[in-house]
Amino acid sequence: MLIGVDVGGTNLRVGVVDNKSVIWEQRYHADFSGLCQRLQPADALSAIHASLAEAMREAIRLYPTVSAIGIGFPGFINPTTQQVTQSPNLPGLLNADIAAPLSKLLNLPVVLENDALAAAYGEFVLAGKDDSLIYLGLGTGVGGGLVLNGKPYGGMNGVSMEVGHLTIVPNGRPCGCGNRGCMEQYASASGVVLNYEELSGKALDTVAIAALANQGDSQALQAYAQAGEALAQGLAHILKVVDVTEVVIGGGLSLSWELLQPAFATRLEADLIPALRGKTQVNISRAGDQAGIIGAAILTAV
Ligand SMILES: [Zn+2]
């Protein structure tokens, strides 16, 4: 049995994984993003360690035979040092050591990996694949993960597949990365909110916009269609760089896939290099929101 942890900007999920399935899971409110904005980096890091350790102790108490901990973390992970070199969502966290102090505290091996890459590996394992797969996680932003020839590929600096920041709209909406018109400003949950706000002048959350779309509201439908289209534009570019046969879409926004899919499919067909048309399967996550937990846990054995 292994512990898999999925760290988000505002919540933390800890699972115990046995034979590719989550047998126990607990969600904790953990506003790491807010902590990093309020506190000095060293204090924020201590608070993050404390929250993670406390959450994992509960799992270890219930399942004392767990043998390792895998953590999916939002940020760039240096593959050699395992340090978080930078995290766009957790400002101030630079070259932060998360894994080693936790390993010492809990007396278990701890492996840290980028959250989207952990989810990609979870999907890869669940699909029973032996070749390659791209995962796109549509959450607050758009994360990407690549499993290449059976191995998670994070790149030399852990920045590979940072696809949420591909430029989709030249001189478009400003992005936290410092650039403009990035895919995640259109194709993420926050992107849908912005799409709808531009169309209607109203600020609603994605649940409310989805409810309106399902009632036939044209602006709400359009807000989701724009997200699907932006995702397809981005994916057509990604597939020119990494040519794989399966793409898995996950993250909270993928629960509204039926609202994204028509515009996504039309645009992807139009934008793909003709040689790739009909060659790539796009599937919705097999693990729902548990791909990150399962992948992080199983990565401890890679
Ligand atoms: Zn960006």
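The values are calculated or read from the model by the stated rules, or taken from the named source; none is laboratory data. Small disclaimer: the values here were computed from a predicted structure and weren't measured. Cβ: placed from backbone, ideal geometry, glycine included. Neighbour counts: every protein chain shown. Remember, those area values only see protein heavy atoms, side chains included, never the ligands or the DNA or RNA. Shrake-Rupley method; radii C 1.70, N 1.55, O 1.52, S 1.80 Å.
Computed quantities for the displayed model
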quantity	calculated
Residue list for the stretch 56-75, restricted to those being surrounded by fewer than 20 Cβ atoms within 10 Å (Cβ to Cβ), in contact (Cβ under 8 Å) with a residue 24 or more places away in the chain and out of contact with any helix residue (DSSP H, G or I) (no Cβ under 9 Å at 6 or more places or on another chain)	58, 62, 63, 65, 67
The one condition in (1) over 18 Å from residue 6 (Cβ atoms); (2) within 14 Å of the ligand (Cβ to nearest atom) that residue 144 fails to fulfil	(1)
Residue in the stretch 275-285 that is in contact (Cβ under 8 Å) with a residue 12 or more places away in the chain and open to solvent by 70 Å² or more (accessible area, probe 1.4 Å) present	yes
Single match in 116, 55, 100, 59 (criterion: within 16 Å of the ligand (Cβ to nearest atom) and part of a helix (DSSP H, G or I))	116
Residue within the stretch 97-114 that is open to solvent by 20 Å² or more (accessible area, probe 1.4 Å), more than 24 Å from residue 1 (Cβ to Cβ), modelled with pLDDT of 95 or more and out of contact with any helix residue (DSSP H, G or I) (no Cβ under 9 Å at 6 or more places or on another chain) present	no
Selected residue (criterion: surrounded by the most Cβ atoms within 10 Å (Cβ to Cβ)) from residues of the stretch 147-167 that are over 15 Å from the mean Cα position of the chain (by Cα) and within 10 Å of the ligand (Cβ to nearest atom)	166
Residue that is farthest from the chain's Cα centre (by Cα) [pool: residues in the stretch 170-201 that are away from the ligand (no atom under 11 Å from the Cβ) and in a loop (DSSP other than H, G, I, E, B)]	201
